[in-house]
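Derivation of every value follows stated rules applied to the coordinates shown; laboratory data play no part. Computed from a prediction, not measured in an experiment: that's the story for all the values here. Positions of Cβ are generated from backbone atoms using ideal geometry, with glycine treated the same way; all protein chains shown enter the neighbour counts.
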């Protein structure tokens, strides 16, 4: 079984968010970058578990500049066999999906996994773009994935419901919480990652269709109004009469 | 030229996000002078279909095939494609829901339209505002071209409903077995009678401060009295006190209710990222230094086991007054 896992580079979950160049660029100064948690904790780790159980290979693919080497090596240290980096500036999901679709066609993978969204762009549409470009079935928001004889058994967690689904391969699956537990790379994995192959390929040159023209920060929250613990009724009155939310 | 909106149904009833998306689409149509057409997929009553008129829809296309009662990305994309052809759509609007996120990208690629995901407001001068960095910033998106597929973030746009009545036409969609991505073997209802979290206006959430899963009764009572949905922090989902689907935060579900009450949750930055778009945040914590107070509108420093039952009682009194 050949699995492709699409990973994205995002600022660490605790990173301070600010912008430069007249609010047109994310300020990378002093920011740690990580693999997007949905891509790593759920999609990549589940792919590795499937490989460990049933054999096969796990390839990671990332669209980005040479700076992304660090997160790609992390993925290899966790246990992926090899990686492909499409050497480009990623500006929107459409552009990245078009480039990764070309890579996926070349590799004829049985399963293509990605996270349900990135924690920086919060688009949530990459998997669907890729599935359509590849004319494959698409299971979004999967919280469980098991391998059967010739198909996959999945669960989708959606608004107030869980669907149990059987899908044929090849297919595209977007992963969310529940599919796997985060792992920490061990020393052997880290050493092995240094000699694993990372193919760097030239993009086809698809351009972004929805660039971000500018960023802004939401206004600061006003001071928190404290209510005495003995005055619970007062809080409910404030919520009803002042905030008007109940 | 028209704006086409997908109005979602669940169990044969139009969802709240159907009216929200339709009202947004109505605003867009007014900006561009385009007609507004809605499409409904799967079983729905005649009254429900006509009620889309309240959101400004004049014409509804209804594909009543019951195999469309549940979404698969390919079957819905095919049906939406038929509707877009019938309506001559240059803009397609969907909710940024589990359905919209899944099929918006497919229809955008198939019709070679530009996809603008998760917007929070009508465009100003062709620029759409979108929440980014898990609610820590806004991005202003300038999409290329005027053929657009737009998904609207639930609970972010305010809308009012009028008293219009839409006319309904049936939409023929030829579906074969290969148009369904997969087989849905089972559907489990996990809502326990509550509004699903992504759609909830009132949420009562609790964390490790509750000391154990056996103590959630007072949380459920407060939520029940308010008509709120229960949620939890990541640690308590990870240790199995609460189900995963209740976890709100950066790596769980991001929510935007009108009221978020956090009980015994310290307010780690990753948790805040999932709830920071709530209109009003109330924090109950016995630690006055809990970082969550800095992000809250109202706070109570106190023991949850004493404060929460008092809140429940106060809500009960308010309802009876």
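Placing pseudo-labels 7 Å out from each Cα toward the beta carbon at residue B:32 and residue A:244 gives an inter-label distance of 3.3 nm. For peptide B:182-195, the mean count of partner chain Cβ atoms within 10 Å of a residue's Cβ comes to 5. Distance from the C-alpha centroid of region B:81-158 to that of region B:1-36: 12 Å, rounded to the whole angstrom.
Region A:62-126 and region A:202-233 have Cα centres lying 25 Å from one another. I need the shape label for region B:197-320. Rule: rounded when a/c is under 1.5, else prolate if a/b > b/c, else oblate, with a, b, c from the alpha carbon gyration tensor. Verdict is rounded for region B:197-320. The relative contact order of chain A, computed from alpha carbon pairs under 8 Å that lie at least 6 residues apart in sequence, is 24 percent. Relative to the longest principal axis of the Cα atoms of chain B, the long axis of helix B:98-110 makes an angle of roughly 30 degrees.
Determine, from the Cβ-Cβ distance of residue B:124 and residue B:13 and an R0 of 22 Å, the FRET efficiency 1/(1 + (r/R0)^6), rounded to the nearest 0.05. Efficiency, from the Cβ-Cβ distance: 0.05. By definition, a body whose alpha carbon gyration tensor gives a ≥ b ≥ c is prolate when a/c is 1.5 or more and a/b is larger than b/c, and chain A fits this prolate description. Considering all different alpha carbon pairs of chain B, the Kirkwood hydrodynamic radius works out to 21.0 Å. Adding -39500 (n - 2.57) for every DSSP H run of four residues or longer, then dividing by how many residues chain B holds, sets the calculated 222 nm ellipticity at -8500 deg cm²/dmol.
Relative protection proxy for A:102-112, A:213-223, B:180-190, A:167-177, from highest mean packing down: A:167-177, A:102-112, B:180-190, A:213-223 (other beta-carbon atoms within 10 angstrom).
With neighbour counts taken as other beta-carbon atoms within 10 Å, the residues B:151, A:14, B:229 rank, fewest first, as A:14, B:229, B:151. Ordering A:117, A:163, A:49 by the number of other Cβ atoms within 10 Å of each residue's own Cβ, fewest first, gives A:49, A:163, A:117. According to a simple spin-label model (label point 7 Å from Cα along Cα-to-Cβ), what is the distance in nm between residue B:47 and residue A:18? With each label placed 7 Å out from Cα toward Cβ, I get 5.8 nm. For the peptide A:210-220, the mean number of other protein chain Cβ atoms found within 10 angstrom of a residue's Cβ is 6. Using Cα atoms only, what is the angle between the long axis of helix B:304-320 and the major principal axis of chain B, expressed in degrees (0 to 90) to the nearest 10? For helix B:304-320, the angle is close to 60 degrees. Relative contact order for chain B: 14 percent, from Cα pairs under 8 Å spaced at least 6 residues apart, divided by residue count. Rounded to the nearest 10 degrees, the angle from helix B:16-32 to the longest Cα principal axis of chain B is 50 degrees. For the peptides A:67-76, A:201-210, the ranking by packing is A:67-76, A:201-210, with the highest mean count of neighbouring Cβ atoms within 10 Å listed first.
Quick one: compute the contact order of region A:100-236, relative version, from alpha carbon pairs under 8 angstrom and 6+ residues apart, as a percent. Value for region A:100-236: 20 percent.
Put a dot 7 Å past the Cα of residue A:27, heading toward its Cβ, do the same for residue B:186, and the two dots end up 5.1 nm apart. With N as its number of residues, the protein assembly as shown has a Cα radius of gyration that, divided by 2.2 N^0.38 Å, comes to 0.96. The mean number of partner chain beta-carbon atoms within 10 angstrom of a residue's beta-carbon across peptide A:233-244 is 6.
I want to make sure I understand the PRE zone here: with the label point 7 angstrom from the Cα of residue B:64 toward its beta carbon, which residues in region B:153-173 have backbone N atoms less than 12 Å away? Residues B:168-172 fall inside that zone. The Cα center of region B:160-180 and the Cα center of region A:148-181 differ in position by 28 Å.
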